[in-house]
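Student: Handing you a structure now.
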Amino acid sequence: MNLVRLNRTPILKQLHLEEKLLRKSSTNWCIINDGTDTPAIVMGISGKPSELLEIGSVLRDQVPVIKRFTGGGTVVVDKGTVFVTLICNKDDVPGVQPYPRSIMSWSGLLYNQVFKGIADFQLRENDYVFGNRKFGGNAQSITKNRWIHHTSFLWDYAEGNMAFLKQPARAPEYRMERGHTEFICRMNEYLPRTDFIEKTTEAVETYFSVKNVNLEATEEPCGAEFVPSTRLLSKQELEEALGPQPEIIGVSV
Amino acid sequence: MMISRRIWQKRPPTSSWIFLRPYTSQIAVPSPSPSLFPVQTPSLIGFLSSYAASSFRSVYKISSLEMPTMVSRCCYSNHALADLPASGIVDVPLAQTGEGIAECELLKWFVKEGDEIEEFQPLCAVQSDKATIEITSRYKGKVAQLLHAPGNIVKVGETLLKLVVGDSAVPTSSSDVLESVKPPGSENSPDSKLNKDTVGGVLATPAVRNLAKLYGINLNDVDGTGKDGRVLKEDVLKYAVQKGAADGPSAASVSADCREQLLGEEETYPQTFAEVKWYPDDKTVPLRGFQRTMVKTMSMAAKIPHFHYVEEINCDALVKLKASFQNNNSDPNIKHTFLPSLIKSLSMAMSKYPFMNSCFNEESLEVILKGSHNIGIAMATQHGLAVPNIKNVQSLSILEITKELSRLQQLAKDNELNPADNSGGTITLSNIGAIGGKFGAPLLNLPEVAIIAMGRIEKVPRLSDDGNVYPSSIMTVNIGADHRVLDGATVAKFCNEWKQLIENPELLLLQMR
């Protein structure tokens, strides 16, 4: 498995890279991005902005909204988010079948190793939690021969940013109607950031023989033009999603 | 895994074979890969299910169409049916993608009707919960029909598409393999009462089905003019027109209702009809609510002698002010905009020119100088034009105005403004620039004597004293005034005062209490 370490790489760039590696490469990859450069909202592939976001606030604060190529829910990411992605050939992980539950369980085992002795880590429904508070959200995409499982870990987050997200209609049962601040927690209360990244790398090494590579290595296997489906939503799309609002102020300076 | 093999009875050539589509499956059958159900002998027995026959029957809700000897999937054995073509149409269902997952959303198709596909070729992408999954084909064949459109929720076991498998393409003796449901024993009554809809007996693409649904048309009632009796878009439209003509007023009122419902959502309505070759029809729209009120108020306003005064206001300082408010804002629920500052400075200016904030009594020829500055804000909502007002602006801070404005905006959006919010206004601001235009010539909101229309703040080039060009944010305003009460000089002086406060907001501090 090739391990790529990134630091403050923009999340859009990371997602483009991941999609390319999933679809075009034939090797296994692990990508760890230690924070993204600016705050952004990342929705799942079928996310509808009007249902998931407080669009008025998003537009006013000009927060970029990205629709990624994997399923799952909506997150606000910033420099306090640590991203860990695994891209594997379906036959390269013993005991893991290429469908969601199987991959999710296996990832739970992996992270169990990371947090052993540190915190009450669990895979709960599809989330990583300490106790009953979520600190990591997951999403996947499964293709003919490969799959990707990527996680955004809440190392730290800004309270204000959570205000961009509506209470989602589809939520795991264990959430029990809690608002964002009651439902999530920060990883920084449990272990240092560098420790987390190191332990994750070690855990991956128990399943694969890992080779550290740099970003240039990701260019090689892919060759031909690849057009990713992950994209930034335009201001117009968001405004349309906002729907008819009483037009009282629209001075656009 | 037991295969159920049924022998089809030979039928007279005029009738068609029965293909029942499966209903929702309640079984979670673990499948090793997210592809379609395995087929035991691909070429001849296109039987997809791996269920035992008995469990199959109990799971799939068999409609009354089923004959005891018939099975609900396309199934041919060439032993008994030597004179039928070797290939056939197979239903391809959404297989189980993980235990506990009962349904998926179809995200996109990778193939279209008529495409030749290979074994293991990706057919579509679905989403379940956290994962997007590519569904691959277990067969080599040709896509006969896609049964779902992207965005549809598909239950596990429900048919996703129909494939023609086998060596030949769609058989030329197409009547035999047409997917049209006829109950056994009543094949001579093509318009059987038995519910063909539920078994999807009509050949039509998902787009055509959606169109028919939109018009409330039963596809079975439409004559298909396409190949194999397929119902085309034109057939649906033609039928809709005929139906409309036959039904007369009821059709017109249905469409009128649709139009009414969609008032204010015009951006979506034309899209639906963009591709439709529709025969234009007159539509009658009765006016209600805000629109009805507008008829009355505007008719009265038109009787008043208006004059209009136009001025440009430099908003550079206002832009900086707003930025400062935003940067120093710690409350995430408050969003700062230009309007509250404009409203407050308007109130300050009106304190100096109280005639601008007055009402005129025609009968007694009296002008009532109003004590409160209740500034109305015109809002275009999906229910029509609403003008709620902020009461006593003279006593409110800019922050309080911001909050009140937000409250009124939310109520207007939800059509929950109460009469108190809508009445008692003393002057009105209309930010038509929010929608577009340089400036308007607004009509008074009676019994007020002044109304101000504000255009967009635009960045335009200006010449400095030394002849250099610099950018400036300029807003054009048009003050409409009742010439029975106000004269040009009063309005001009008032406007100068307001303009000065906007261009030099620090002057507000001099006068604030």
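Student: Do we have any residue at all in segment B:401-408 that's within 14 Å of chain A (Cβ to nearest Cβ), out of contact with any helix residue (DSSP H, G or I) (no Cβ under 7 Å at 6 or more places or on another chain) and closer than 29 Å to residue B:287 by Cβ?
Tutor: Yes.
Student: Now for a different question. Please go through segment A:36-52 and pick out each residue that is within 14 Å of another protein chain (Cβ to nearest Cβ), in contact with a strand residue (DSSP E or B) (Cβ under 8 Å, 6 or more places away or on another chain) and assigned to a loop (DSSP other than H, G, I, E, B).
Tutor: If the condition is that a residue be within 14 Å of another protein chain (Cβ to nearest Cβ), in contact with a strand residue (DSSP E or B) (Cβ under 8 Å, 6 or more places away or on another chain) and assigned to a loop (DSSP other than H, G, I, E, B), then A:39, A:44, A:45, A:46, A:47 are the ones that fit.
Student: Consider residue A:26 against the criteria (1) in a loop (DSSP other than H, G, I, E, B); (2) within 13 Å of chain B (Cβ to nearest Cβ): it satisfies all of them except one. Which criterion is unmet?
Tutor: Among (1) in a loop (DSSP other than H, G, I, E, B); (2) within 13 Å of chain B (Cβ to nearest Cβ), residue A:26 violates only (2).
Student: Just checking, does segment B:139-156 include any residue being out of contact with any Cys (no Cβ under 9 Å at 6 or more places or on another chain), at pLDDT below 85 and more than 10 Å from every other protein chain (Cβ to nearest Cβ)?
Tutor: The answer is yes, given that some residue of segment B:139-156 is out of contact with any Cys (no Cβ under 9 Å at 6 or more places or on another chain), at pLDDT below 85 and more than 10 Å from every other protein chain (Cβ to nearest Cβ).
Student: Next question, about the same structure. If a residue must be farther than 19 Å from residue B:162 by Cα, of a type outside the set (A, V, I, L, M, F, W, C) and in a helix (DSSP H, G or I), how many such residues does segment B:201-240 contain?
Tutor: Number of matching residues: 8.
Student: Is there any pair linking a residue in segment B:460-481 that is in a loop (DSSP other than H, G, I, E, B) to one that is loosely packed, with under 10 Cβ neighbours inside 10 Å and hydroxyl-bearing (Ser, Thr, Tyr), with Cβ under 8 Å and at least six apart or on different chains, and which?
Tutor: B:464/B:470
Student: Residues of segment B:121-169 being among the acidic types (Asp, Glu) and assigned to a loop (DSSP other than H, G, I, E, B), which ones?
Tutor: Scanning segment B:121-169 gives B:129, B:158, B:167.
Student: Moving on. Which one of the conditions (1) modelled with pLDDT of 90 or more; (2) surrounded by 19 or more Cβ atoms within 10 Å (Cβ to Cβ); (3) assigned to a loop (DSSP other than H, G, I, E, B) does residue A:33 fail to meet, given that it meets all the rest?
Tutor: It is condition (3) that residue A:33 fails.
Student: Away from chain A (no Cβ under 12 Å) and either surrounded by 17 or more Cβ atoms within 10 Å (Cβ to Cβ) or touching a helix residue (DSSP H, G or I) at 6+ places or on another chain (Cβ under 6 Å) (or both): is that true of residue B:499 in this structure?
Tutor: Yes, satisfied.
Student: Further question: For residue A:170, all conditions in the list (1) within 14 Å of chain B (Cβ to nearest Cβ); (2) within 22 Å of residue A:51 (Cα to Cα); (3) of a type outside the set (Ser, Thr, Tyr); (4) not in a loop (DSSP other than H, G, I, E, B) hold save one; what is the number of the exception?
Tutor: The single condition residue A:170 does not satisfy is (4).
Student: Taking segment A:5-34, which residues are within 12 Å of the chain's Cα centre (by Cα) and of a type outside the set (D, E, K, R)?
Tutor: Matches in segment A:5-34: A:11, A:12, A:14, A:15, A:31, A:32, A:33.
Student: Go through A:114, A:96 for me and flag whichever is crowded, with 21+ Cβ neighbours inside 10 Å and either in contact with a strand residue (DSSP E or B) (Cβ under 7 Å, 6 or more places away or on another chain) or among the aliphatic types (A, V, I, L, M) (or both).
Tutor: Answer to the selection: A:114.
Student: Would you confirm, using the coordinates I've provided, whether residue B:391 is surrounded by fewer than 22 Cβ atoms within 10 Å (Cβ to Cβ) and either under 24 Å from residue B:355 (Cα atoms) or within 12 Å of another protein chain (Cβ to nearest Cβ) (or both)?
Tutor: yes
Student: Let me ask something else. Out of the strands (runs of 3 or more DSSP E) lying entirely within segment A:113-157, which hold 3 or more residues that are within 14 Å of chain B (Cβ to nearest Cβ)?
Tutor: Those strands (runs of 3 or more DSSP E) span A:133-142, A:146-154.
Student: Also, I was wondering about something else. I'd like to check something: does segment B:440-448 contain any residue that is assigned to a strand (DSSP E or B) and under 17 Å from residue B:378 (Cα atoms)?
Tutor: yes
Student: Does residue B:299 satisfy the criteria of being assigned to a helix (DSSP H, G or I), more than 14 Å from every other protein chain (Cβ to nearest Cβ) and either over 17 Å from residue B:441 (Cβ atoms) or modelled with pLDDT under 90 (or both)?
Tutor: Answer is yes for this residue.
Student: Name the residues in segment B:348-374 that are in a strand (DSSP E or B), crowded, with 18+ Cβ neighbours inside 10 Å and of a type in the set (S, T, N, Q), would you?
Tutor: B:358
Student: Here's a follow-up. When you look at residue A:59, is it touching a helix residue (DSSP H, G or I) at 6+ places or on another chain (Cβ under 9 Å), at pLDDT below 95, crowded, with 21+ Cβ neighbours inside 10 Å and farther than 18 Å from residue A:137 by Cα, yes or no?
Tutor: Against the criterion (touching a helix residue (DSSP H, G or I) at 6+ places or on another chain (Cβ under 9 Å), at pLDDT below 95, crowded, with 21+ Cβ neighbours inside 10 Å and farther than 18 Å from residue A:137 by Cα), residue A:59 does not qualify.
Student: Restricting the search to segment B:416-446, which residues are within 11 Å of another protein chain (Cβ to nearest Cβ) and touching a helix residue (DSSP H, G or I) at 6+ places or on another chain (Cβ under 8 Å)?
Tutor: Within segment B:416-446, B:417, B:429, B:431 qualify.
Student: Looking only at segment A:179-196, decide whether some residue is crowded, with 17+ Cβ neighbours inside 10 Å, assigned to a helix (DSSP H, G or I), out of contact with any helix residue (DSSP H, G or I) (no Cβ under 9 Å at 6 or more places or on another chain) and at pLDDT 90 or above.
Tutor: no
Student: Can you pull out the residues in segment B:450-485 that are polar (S, T, N, Q) and either surrounded by 14 or more Cβ atoms within 10 Å (Cβ to Cβ) or within 14 Å of another protein chain (Cβ to nearest Cβ) (or both)?
Tutor: B:472, B:473, B:476, B:478
Student: Which of the following residues is free of Cβ contacts under 8 Å to residues at least 40 places away in the same chain and either closer than 15 Å to residue A:151 by Cα or not in a strand (DSSP E or B) (or both): A:13, A:20?
Tutor: When all the criteria are applied, what remains is A:13.
Student: Among the residues of segment A:53-103, write down those that are outside any strand (DSSP E or B), under 16 Å from the mean Cα position of the chain (by Cα) and either free of Cβ contacts under 8 Å to residues at least 24 places away in the same chain or more than 10 Å from chain B (Cβ to nearest Cβ) (or both).
Tutor: Listed by number, the residues that qualify are A:64, A:74, A:78, A:79, A:80.
Student: Any idea how many residues of segment B:306-344 are closer than 18 Å to residue B:456 by Cα, assigned to a helix (DSSP H, G or I) and in contact (Cβ under 8 Å) with a residue 40 or more places away in the chain?
Tutor: Summing the residues that are closer than 18 Å to residue B:456 by Cα, assigned to a helix (DSSP H, G or I) and in contact (Cβ under 8 Å) with a residue 40 or more places away in the chain in segment B:306-344 gives 10.
Student: Count, please, the residues in segment B:281-339 that happen to be touching a helix residue (DSSP H, G or I) at 6+ places or on another chain (Cβ under 6 Å) and polar (S, T, N, Q).
Tutor: 2
The values are calculated or read from the model by the stated rules, or taken from the named source; none is laboratory data. The model shown is predicted, which means the values in this text are computed figures rather than measured ones. Note that we place each Cβ from the backbone using ideal geometry, even for glycine, and neighbour counts take in every protein chain shown.
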